[in-house]
Amino acid sequence: MSLEMLLVIAFGGAFLTYLLGKLSPVLRDILAVLLTLVILAIVALFYGRTGESSFMNFLGFNLSLRINTLSWLFAIAVATLGSLSTIFSLSYMKGKERLDFYYLMMLIVNASMLGIVFSGDLISFYVFWEIMSWGTFLLISYNRGPALAAGLKYIVMSIVGSTAYLLGMFSLYASYSTFNIADIASRISTASPGYLLSVLVLFSITFGIKNALVPLHTWLPDAHSEAPSPFSAVLSGILIKMGTYGFVISMYVLVGIKALSHLGHGILSFHFMLAILAAVTILVPTFIALMQDDAKRVLAWSSIAQVGYIILGIAIGTSLGFAGGMFHFLNHASFKALLFMAIGAVEYRTGTRDLNSLGGIIKKMPFTFMMTLIGALGLIGFPLTNGFVSKWLIYKTLILGKDPFLAFVALFGTWGTILYAYKILHNIFMGQLPEEYKGVEEAPFSMKFPMVILSIIIILFGILPGIPLKVINVIGVSLGFKSLAVNIWGIASDTGALNTINIFSAILVSWIVVWLIFKAAPTSLRVEQDNNYAAGSYVPTGRYLYTANFYAPVYRIIKPYVIDVVDIFYMALAGAVRTLCDWTRRMYTGELGSYVMYIMLFLAVLITMRLGFNIW
Amino acid sequence: MKLAEFIISPILAFIIGIFLMGLSRRIMARIHRRYGPPLMQPVIDLVKLFSQRTVSHGPIFDIGVILSLAGTIALILFIPFGGMCPLEASGGLLVILYIMLFAPLGLALSGGEGANPNISIGISRKFILSLGYEVPFILIVLAVMTYYHTISAVDVVKAQSSFHWALFSLPLFLPGLAYILIIPAMLGIRPFDLASAPQEISSGPMAEYGGKYLALAEIEHAFSIFITIALFVDMFLGGSGNVVYFFLKVLVVFIIGLLINAVFPRFRTEQAVKFLWKWPSVMALAGLVIVLAI
């Protein structure tokens, strides 16, 4: 099976699904799921393959596809999340309108992401990149209303990014007269640092927008919360990681690790500047997330913050940091997709995702609670989940690299994460169950299944991190990083090793000991939620929420400092442009007379200038 | 030998923790000019609590409290203590930092299913307080790790052998003092007992606990007292290869902390956070800057 065939299947299958939807919705659903599963199987079979092949001659340029371990890792993540979110869509989207269109766009976005990671030259990369951007726009604005505004914000920023990409691409073509990434990479080492820096900055704008790096993040909170939940999972899980892929490609494949290290030194280097942006991306969005009341908005801001960790690891550019960043990309894809799906399931059953009105759903949806818990623990980076290992790698890089302030931001961000992750858990599932949700049921099977798969990945990679780390190590070595001493249980090192099996067994044994003590004591009596202790006073039941405004004292302290200044600036800019355009539009009165007058005035000015000043 | 450490160190930690709990009540009582309960009172309480029947609010109510204690016991195995450190090569101080999460998170989950308004308030306060003390705490740990250029707790102890105690070295003096200031916040004792304020919110997250739940929570608290202070002894007082010396160091630090904090009234939540983000953080930050400058 060749790469071209895979892309033909992916795109062709998407259109076939659309056409089949006109005949029978059931067959369409089946085909959509089958298609994503087939793609997943094919991508999985590509493991270990490397190679490049030209597939088309376009205006005299060879367009090519290539595969290596780096693109395989991204492709498998795309294919996995693609199939899981399609399965999740089955019941989530049931009964909604324009479903043929929804599945078409969903499959096309997945196919275009595969195209991006398998592109061997800058032109095909750009084409797939644009297909992805426009497909995403259509999906974000699927719900209309406020979603349309969110989509518009997204596509405007996306176009700015694409323009920057085109500039970078043509500047590279002007210097090397080829679009092939490998060809450019082999000849770029002689370029001047100033030129490399300008190309990198242009690409960083493109990929920074997709990756939602502060200060290019403002499209993300609206887009993530307005999109349909299964697509939010794809959006946050893998789509924004295409920016990460772009960063890796432009920094380590195109420019290369050696040339990159010559771009400035100390604090004034490309590495460090990117790392500082990443640190800001962790710090501020974490605390904005803390103050949100819409569960999906919390997760959206959290996505920005977690992307900060990924870029921080990659920007630092040591083998340990790179491994941490890449691993965190995989982990974020798993736990954030899981969380979006779980919130989607809650919304599907209760009709709301407002953290100030839900509560006590654990009694009705215990399974969804467990999934949310696992996702939240992964997000926090709790030991025995995959998030812990990747964050550990990033912290260690920063501490031993003598960057304790970046390490402080990363660790402090994690403690902010604990607060908002627990807020989601507590405000949705814990506390008193309101009367109106007494009849809520557990999520259906097609929602449970993808969540189970993701939670298994989270725990498996947390206890046996060696499985993905070995693949990541291969990528690192191929990009010129030092090889890491990766074992199945973690990483060996003389400056502090990590052993997840030890942590796991220590906690397991302590658990068993405590559980035995617990069992030996007299059994307890199960009571209802209203039967609780209030020091002699009456605890009101029913519509009385104790979880609303959960961290009020913190809000009061941080509110004056945590403002999205960037968004305010962009919106003011957009407003100014609109005013200017409105003002310009007044010129067009619609009367022929005024247009003739403009022409005459212009000619008069020209003649006056020619006669009076004699400038040309 | 190594295998024995896995059993001995938690048991010793438990005994020391329970002893310190009993002692603290005695010392507090003397400061208040009372006679105070016997030294064995915590043990008597535990026996009583374990024999009582109580109520449960659901599976997470049970699992949370077990998770909280299990995590704390596992944590002991990562801390160098009297020449023992059963799990030394398993991630070092960074893992310790994270396993310290098990206890509050477990109690919060457990309490959450209790559906008592006091619990929600208590949990919210507990997490806010932890956000408060984690700022100086992370800075302190980072200063130590950067100064000794390792993330392993055992290596930090080794570097301080033969009385090169970090507390009396120039760069780490301020972080050491900052740690002493945040110990009561980490333990949730006065003046930082806002999360479990018994008079205000009926012990907060523990409002629904009785019998074995309360007993497990008390044991967890005893362990936490030991761990918090043992970490200070390891990072700033050079640890010790000898269990008796180690215990004496822990005892001295504990009594100093107790004397300072026995006379303070309770902070409000915002006051606590503002205090923690001000003095201890500034001191720890200054230490970190000095470490980097050297």
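Values in this text are rule-based calculations from the coordinates and carry no lab data. As the structure is a prediction and not an experimental result, all values here were calculated from the model. With ideal geometry, Cβ positions are generated from the backbone for all residues, glycine too; neighbour counts draw on all protein chains shown.
Computed quantities for the displayed model
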{"quantity": "Whole-Hz couplings from phi, Karplus 6.51/-1.76/1.60, listed for the stretch A:50-56; x for Gly and Pro", "calculated": "10, x, 9, 9, 8, 10, 6"}
{"quantity": "Neighbouring partner chain Cβ atoms per residue of B:49-62, average, 10 Å criterion", "calculated": "5"}
{"quantity": "Diffusion constant of the stretch A:145-224 at 10 °C, which comes from Stokes-Einstein with the Kirkwood Cα-pair radius and 1.306 mPa s, µm²/s", "calculated": "114 µm²/s"}
{"quantity": "Volume per residue of the C-alpha convex hull in the stretch B:20-71, rounded to whole Å³", "calculated": "118 Å³"}
{"quantity": "A:SER124, A:SER24 arranged by Cβ crowding within 10 Å, fewest neighbours leading", "calculated": "A:SER24, A:SER124"}
{"quantity": "Size of charge dipole - chain A - debye, nearest 20, with Cβ of Lys, Arg +1 and Asp, Glu -1, no other charges", "calculated": "360 debye"}
{"quantity": "Helix B:41-51 axis, angle to chain B major axis (alpha carbon atoms, nearest 10°)", "calculated": "50 degrees"}
{"quantity": "Compactness of the stretch A:358-475 as Cα Rg over 2.2 N^0.38 Å, two decimals", "calculated": "1.29"}
{"quantity": "Chain A, relative contact order [Cα under 8 Å, separation at least 6], %", "calculated": "11 percent"}
{"quantity": "Taking only Cα atoms of the stretch A:192-348, radius of gyration then Dmax in Å", "calculated": "15.8, 55"}
{"quantity": "D_trans [Stokes-Einstein, Kirkwood Rh over alpha-carbon pairs] for the stretch A:264-518, 25 °C, 0.890 mPa s, µm² s⁻¹", "calculated": "129 µm²/s"}
{"quantity": "Projected-area mean, the stretch A:566-612, by convex hull of Cα positions, square nanometres", "calculated": "4.9 nm²"}
{"quantity": "Under 20 Å from the Cα of B:LYS278 - lysines, other chains or at least 8 residues apart", "calculated": "A:LYS559, B:LYS126"}
{"quantity": "0 to 90° range, to nearest 10: angle between helix A:386-400 axis and chain A longest Cα axis", "calculated": "60 degrees"}
{"quantity": "Relative counts (whole %) of C-alpha pair distances in the stretch B:184-248, using bins that are 5 Å wide", "calculated": "4, 15, 19, 21, 15, 10, 10, 6, 1"}
{"quantity": "Residue-averaged 222 nm ellipticity for the protein assembly as shown, from DSSP H runs of 4+ at -39500 (n - 2.57), nearest 500", "calculated": "-23500 deg cm²/dmol"}
{"quantity": "All-pairs Cα distance distribution in the stretch A:292-429, expressed in whole percent, bin size 5 Å", "calculated": "2, 11, 21, 22, 16, 11, 8, 5, 3, 1"}
{"quantity": "Cubic angstrom per residue, convex hull over Cα atoms of chain A", "calculated": "224 Å³"}
{"quantity": "Sequence-separation-based contact order of the stretch B:147-222, relative, with Cα cut under 8 Å and 6+ spacing, percent", "calculated": "11 percent"}
{"quantity": "Intensity falloff of the stretch B:35-132 expressed as log10 I(q)/I(0), Debye formula with alpha-carbon point scatterers, at q = 0.14, 0.18, 0.25 Å⁻¹", "calculated": "-0.76, -1.03, -1.16"}
{"quantity": "Calculated SAXS-style log₁₀ I(q)/I(0) at q = 0.06, 0.08 Å⁻¹ - chain B, Debye, Cα scatterers", "calculated": "-0.18, -0.33"}
{"quantity": "Whole-number D in µm²/s for the stretch A:1-79 (Stokes-Einstein; Kirkwood sum over Cα pairs; 4 °C, 1.567 mPa s)", "calculated": "93 µm²/s"}
{"quantity": "Along each principal axis, Cα extent of the stretch A:192-272, largest first, Å", "calculated": "46, 22, 19"}
{"quantity": "Helix A:366-380 vs. chain A, principal-axis angle (Cα, 0 to 90°, nearest 10)", "calculated": "60 degrees"}
{"quantity": "5 Å-binned pair-distance histogram of the stretch A:270-368 (Cα, whole percent)", "calculated": "3, 13, 18, 19, 16, 12, 8, 6, 4, 1, 0"}
{"quantity": "Calculated log₁₀ intensity ratio I(q)/I(0) where the Debye formula runs over C-alpha points of the stretch A:101-248, q = 0.09 Å⁻¹", "calculated": "-0.29"}
{"quantity": "Along each principal axis, Cα extent of the stretch A:207-247, largest first, Å", "calculated": "27, 19, 7"}
{"quantity": "Sequence of A:MET587, A:MET169 once ranked by neighbouring C-beta atoms within 10 Å, starting from the fewest", "calculated": "A:MET587, A:MET169"}
{"quantity": "Karplus-derived HN-Hα couplings along the stretch A:269-280 (A = 6.51, B = -1.76, C = 1.60, θ = phi - 60°), whole Hz, x at Gly and Pro", "calculated": "10, 4, 3, 5, 4, 5, 5, 5, 4, 4, 5, 5"}
{"quantity": "Magnitude of the charge dipole, the stretch A:177-312, Cβ model with Lys/Arg +1 and Asp/Glu -1, debye to 20", "calculated": "320 debye"}
